[in-house]
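Note sheet for the following structure.
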Amino acid sequence: MFEKILKIFQVPDLRKKIFFVLGAFAFFRFMANIPMPGFDAEKMQELFSRFQMFQFADLLIGGTLDQFSIVMLGLGPYITSVIVIQLLTLVWPKLQKMYREEGDAGRQKVNQYGRLMTIPFALVQGYGMLTLFQNQGVLPSLGLLEMVNILTVIAAGTVLLMWIGELITERGIGNGVSLLIFAGIISSLPANIGQMVRDIMFNPDVVPMYILFFLIGMPIIASVVHVNEARRNIPISYARRVRGRKIYGGASTYLPLSLNPAGVIPIIFAMSMVVLPTMLFGFLVGVEGFVGSAAQKISDILQITWVYGGLIFVLVCLFTYFYTAVTFDPKNVSENLQKMGGFVPGIRPGKSTANYINYILNRVLLIGALFLATVAVLPMAISGFTKVEAFGFLIGGASLIIIVSVVLETIRQINAQLQMREYETI
């Protein structure tokens with residue numbers, strides 16, 4: 001490992017890419033610590049302590065929301081835009097044709113639509129956040145000109161981060177947007193270390209709990225890596241075709257089905273579906289009459305740990321199946337195999353192949369969905385058991401899956417760069 005690290009910095013081109021990514025990280029964190037004026041920091045912390053939705057959103061966008069920084073929405077609007085575009089390519093024939101049949105030029109057009117949609121999403125989300133902060137007393141009442149100025153800064157900050165992410169993809173190593181999200185998640189590491197040191201200094205009895213916390217965290221990280229890389233291979237054979245004096249086909253390969261094809265999307269959807277009603281009922285608690293009392297009872301029920309965790313578990317499983325059904329079509333895979341002369345040994349081409357792929361996919365998804373749902377609720381369970389609130393991104397949830405995926409993908413790209421240069425020197 002140390003030899004590989006030395007090789008990375010010995011290659012000038014690769015070293016330049018690494019330093020470019022680190023510089024982009026530094027610039028991102030610099031912007032994340034520039035707050036906009038006028039907000040009440042104490043009321044902001046109180047709001048975040050009451051509603052877990054803000055804590056979850058702040059974790060994914062890099063700790064910029066609780067500081068009301070100039071990039072307070074992070075890459076959230078861009079991620080939302082990309083997800084919406086992905087779903088539209090499945091239900092809008094014209095967009096689907098552009099994405100699948102027009103090659104790289106068509107995909108670039110679709111990606112450009114995603115970039116353009118980021119601006120209205122940023123304005124809408126920013127307006128919603130500002131209105132919410134005003135109602136909660138975090139911000140004073142804003143006039144029209146002040147609102148327009150702040151929304152312009154918020155949208156510009158999101159577009160700037162999107163541009164930096166694309167620069168990292170073009171000039172650095174790995175996917176720029178994923179790397180910026182990764183940088184935002186691990187940015188809380190120094191604060192967590194400081195909290196651990198303070199806890200140990202003022203109360204040495206917590207040392208065994210921290211040791212237990214890290215002992216539990218290591219196998220969780222290992223299992224997430226294992227499941228993230230796990231594949232169910234379906235054997236594929238290609239029929240031999242004779243054209244003139246040449247023989248084509250006759251090879252055997254496989255169709256890999258990931259154990260977790262939906263990635264982190266089901267956790268994000270499930271958290272939003274559970275936390276949003278919790279936040280809405282929390283706002284209605286102060287209302288007089290039946291509405292206020294009903295909101296209070298429902299809010300109290302949703303705050304129960306096992307109820308909250310159970311809803312997250314069930315919704316993650318459901319969203320895993322739903323998102324995979326939307327993004328992966330066994331019928332389309334079967335048709336493409338048939339066009340290229342491929343078939344699954346022992347299975348008829350066409351509808352039978354599609355049914356067989358769907359049969360395998362549903363059973364693979366059962367394992368992946370249950371594992372993903374377990375990872376989603378682990379931070380609540382382990383934090384409640386060990387009483388350790390720091391280092392939450394190391395024991396599960398969307399943050400751990402993002403970290404594992406980004407690190408593995410970056411390592412693969414670095415290894416590919418090193419191997420390419422080894423071949424060039426032979």
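Taking 7 Å steps out from each Cα toward its Cβ at Arg231 and Leu6 produces label points 3.3 nm apart. Between the beta carbons of Thr131 and Ser252, assuming R0 = 56 Å, the FRET efficiency works out to 0.40 to the nearest 0.05. On full extension, the segment bounded by Ser141 and Leu189 gains 13.8 nm, given 0.36 nm per residue less the C-alpha separation.
Approximating the spin labels as points 7 Å out from Cα along Cα→Cβ, the Lys297-to-Asn415 distance works out to 5.7 nm.
Each residue in Leu189, Leu337, Leu88 was given a count of other beta-carbon atoms within 10 angstrom of its own, and listing them fewest first yields Leu189, Leu88, Leu337. Please state the relative contact order of the chain as a whole percent: Cα pairs under 8 Å, 6+ residues apart? Here the relative contact order equals 17 percent. From the P(r) of the chain, could you give the percentage of C-alpha pairs in the tail past 41 Å? Counting every Cα pair in the chain, those more than 41 Å apart make up 24 percent. For the chain, leaving out every one of the GluC sites (Glu not before Pro) that falls in a DSSP loop and has at most 15 other Cβ atoms within 10 Å, the longest unbroken run is 103-287.
With +1 on each Lys and Arg Cβ and -1 on each Asp and Glu Cβ, and nothing else charged, work out how big the dipole of the chain is about its Cα centre, in Debye to the nearest 20. Please report the intermediate quantities before stating the final value.
Details: 32 positive and 24 negative charges, 490 e Å.
Once rounded to the nearest 20, the dipole reads 2360 debye.
FRET efficiency for the pair Met201 and Phe385, taken as 1/(1 + (r/R0)^6) with r the Cβ-Cβ distance and R0 = 30 Å, rounds to 0.85.
At a threshold of 8 angstrom on Cα-Cα distance, excluding pairs fewer than six apart, so keeping six or more, what relative contact order does segment 1-187 reach in percent? Please list the in-between numbers first.
Numbers: 198 pairs, mean separation 55.2, N = 187.
Normalised by residue count, the contact order of segment 1-187 is 30 percent.
Helix-only arithmetic for the chain: the sum of -39500 (n - 2.57) across DSSP H runs with n ≥ 4, divided by the residue total, places the mean residue ellipticity at 222 nm at -25000 deg cm²/dmol.
Scaled to the compact-protein estimate 2.2 N^0.38 Å, what is the alpha-carbon radius of gyration of segment 1-187, rounded to two decimal places? Working shown, then result.
Working: Rg = 18.9 Å, N = 187, 2.2 N^0.38 = 16.1 Å.
Its radius of gyration relative to the 2.2 N^0.38 Å reference: 1.17.
Using Cβ counts within 10 Å as a stand-in for footprinting exposure, how do Lys331, Lys339 rank, fewest first? Numbers along the way, then the final one.
Working: Lys331 14, Lys339 9.
Going from sparsest to densest Cβ surroundings: Lys339, Lys331.
Mind checking which lysines have their Cα closer than 25 Å to the Cα of Lys17? Skip sequence neighbours fewer than 8 apart in that chain. Hits, sequence-local ones excluded: Lys4, Lys7. Ordering Asn358, Val388, Ile301 by Cα displacement along the dipole of segment 297-401 toward the positive end leaves Asn358 in first place; charges were set at the Cβ atoms of Lys, Arg (+1) and Asp, Glu (-1). Can you put Leu180, Leu116 in order, fewest other beta carbons within 10 Å first? So the residues, fewest neighbours to most, are Leu116, Leu180.
Suppose the chain between Ile18 and Ala156 were pulled fully straight at 0.36 nm per residue; how much longer would it get relative to their current alpha carbon spacing? It would help to have the intermediate numbers written out before the result.
On the way: separation 138, 0.36 × 138 = 49.68 nm, distance 2.62 nm.
Extra length available between Ile18 and Ala156 comes to 47.1 nm.
Bear in mind these aren't lab numbers, they're just calculated from the coordinates by the rules spelled out. In this text the structure is predicted, and so the values were computed from the model without any measurement. Here Cβ is always computed from backbone atoms with ideal geometry, including for glycine, and neighbour counts include all displayed protein chains.
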